[in-house]
Amino acid sequence: MKQTFDASLKDLNSFSVEAYAGRLLELESADDLQSLITDFHFDAARDLILGGGSNILFAENVEGTVVLNRVMGRQITPASDGTFILEACAGENWHELVLWSLEQGLSGIENLSLIPGLAGAAPMQNIGAYGVELSDVLNSVQAFDLQSGTIHEFRREECGLAYRDSRFKSADAGRYLVIKIRLRLQRNFSPQLNYAGLGEELAAMGVDKPTAKQVSEAVIRIRRRKLPDPAVTGNAGSFFRNPLVSQATAKLLGAEFEGLPVYLQDEESAKLSAAWLIEHCGWKGRCMGRAAVSSQHALVLVNNGNATGAEILALAYAIRKSVRDRFGIELQAEPRIVEAKQS
Ligand SMILES: Cc1cc2nc3c(=O)[nH]c(=O)nc-3n(C[C@H](O)[C@H](O)[C@H](O)COP(=O)(O)OP(=O)(O)OC[C@H]3O[C@@H](n4cnc5c(N)ncnc54)[C@H](O)[C@@H]3O)c2cc1C
């Protein structure tokens, strides 16, 4: 296990903000897991697990230890029902895993192409894009309990997966280190093209009956156009979740604010577009110091160059206040925020 003290996290987060970790530990094999407890006394109140750093904002240093799980490995096993189980260790790059699954003739995660980060973080917020969520294909998660030192297998139903949420992000936050994920994929491809824009992109590519690889290509093309590339402009993708409200609230808001997009969920709830709310508070493309709201997408906060995490967080708070004052809706951040503890 590699160990570095007073390590910079700047190259380890997609916002590219400077922050330091008291110690950085790099897990290189599953044998290193036990020593997180026996030698390093992992404590979720002080230490944290980091994947690719594409869903985290460091507004403060980490005084304790940052653990990078870089254990690699992937394999495909046929299941008895004709499907295939793709097993990936947490350190695998998510997008490369998607491309590899397509090369193996499997489908199911093509709509999740080009999401940054590592496989181990995928269940954390049940990654989703273009009409597909990880929950559609997840079979199970293997995780190390950082309290007891034991390994647990969680079936999909036990992971508490919901819109940008899971037990690992909420009820059991900080307790488990994801070791492996298992996905159930198919050889028979049935395209998921319900998401607005995907069919049009395929048509623009001259594709009528797409293969899974072509759906992946279409998703990549749209994403490259719509989202700032973190390698060029620091960002963490969508900074806010789309708010879930009761249908009664959605109806009242819809009557008051013309054009407000409302997506009915189940019989009681509805999802609102956070991007629309932010844009209608005048934030799209606006700067606050060295932090800004992307002019490409109102949900994406960007580092315009040398912004601190605290500056980006201040912008997020200002947006949240505007949306609360105008629409009475409380936006929730999607990335994990590392900030000073309130005393
Ligand atoms: C340009 C851009 C576009 C994006 N688009 C999307 C999108 O379309 N859909 C979407 O859902 N997300 C999107 N994201 C967010 C992000 O890519 C995903 O949430 C991704 O899964 C985060 O992976 P990561 O490895 O970078 O996690 P990190 O940012 O390193 O960590 C995120 C959280 O997971 C925890 N964690 C990470 N690895 C482990 C592990 N092995 N065990 C336990 N806990 C762990 C961390 O402690 C942290 O709380 C986007 C981000 C960017 C920058």
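The values are calculated or read from the model by the stated rules, or taken from the named source; none is laboratory data. Since the model is a prediction, treat every value here as computed from it, not as a measurement. Glycine also receives a Cβ, built like all others from the backbone with ideal geometry; neighbour counts cover every protein chain displayed. Surface areas here come from the heavy atoms of the whole protein model, side chains and all, with no ligands, DNA or RNA. Shrake-Rupley method; radii C 1.70, N 1.55, O 1.52, S 1.80 Å.
For THR4, the solvent-accessible surface with a 1.4 Å probe is about 70 Å², rounded to the nearest 10. Pairs of Cα atoms in the stretch 74-185 fall into 5 Å distance bins, from 0 up to the last occupied one, in shares of 2, 13, 24, 27, 19, 10, 4, 1 percent. Phi-derived couplings, Karplus 6.51 cos²θ - 1.76 cosθ + 1.60 at θ = phi - 60°, listed residue by residue for the stretch 315-324: 4, 4, 5, 5, 5, 4, 5, 4, 5, 5 Hz, with x used for Gly and Pro. Database remark: amide H of PHE239 closer than 5 angstrom to the amide H of VAL300, LEU301 (H placed geometrically; neighbours at sequence offset of 5 or more, or on other chains; Pro and chain starts carry no H).
Among the listed pairs LYS180/LYS271; LYS251/LYS284; LYS251/LYS321; LYS180/LYS209, those whose Cα-Cα separation exceeds 27 Å are LYS180/LYS271; LYS180/LYS209.
Relative contact order of the chain: 17 percent, from C-alpha pairs under 8 Å at least 6 residues apart in sequence. If you count only protein heavy atoms and use a 1.4 Å probe, how large is the accessible surface of HIS280, to the nearest 10 Å²? Roughly 80 Å² of HIS280 is accessible to a 1.4 Å probe. Listed values for the stretch 272-280 are Karplus-derived 3J(HN,Hα) couplings in whole Hz (6.51 cos²θ - 1.76 cosθ + 1.60, θ = phi - 60°), namely 9, 8, 4, 4, 5, 4, 5, 4, 7, and x replaces Gly and Pro. Note on GLU258 and ALA203: their simple-model spin labels are 2.8 nm apart, each label 7 Å out from Cα toward Cβ.
The smallest convex shape that holds all Cα atoms of the chain, its convex hull, gives 151 Å³ per residue. The solvent-accessible area of GLU268, taken with every protein chain present and a 1.4 Å probe, is close to 140 Å².
For the residues ILE220, ILE337, a 1.4 Å probe over the protein chains yields an accessible-area ranking, largest first, of ILE337, ILE220. Using bins of 10 Å that start at zero, the share of Cα-Cα pairs per bin across the stretch 234-338 amounts to 16, 48, 27, 10, 1, in whole %.
What residues have an amide H closer than 5 Å to that of LEU68, excluding those fewer than 5 places away on the same chain, when H is modeled at 1.01 Å from N in the peptide plane? HN-HN under 5 Å from LEU68: LEU25, GLU26, LEU27, LEU50.
3J(HN,Hα) along the stretch 108-124, derived from phi through the Karplus expression 6.51 cos²θ - 1.76 cosθ + 1.60 where θ = phi - 60°, amounts to x, 10, 4, 5, 9, 4, 6, 6, x, x, 10, 4, x, 8, 4, x, 3 Hz, with x in place of Gly and Pro.
Normalised by the number of residues in the stretch 74-185, the average gap of Cα pairs under 8 Å and 6 or more apart makes the relative contact order 31 percent.
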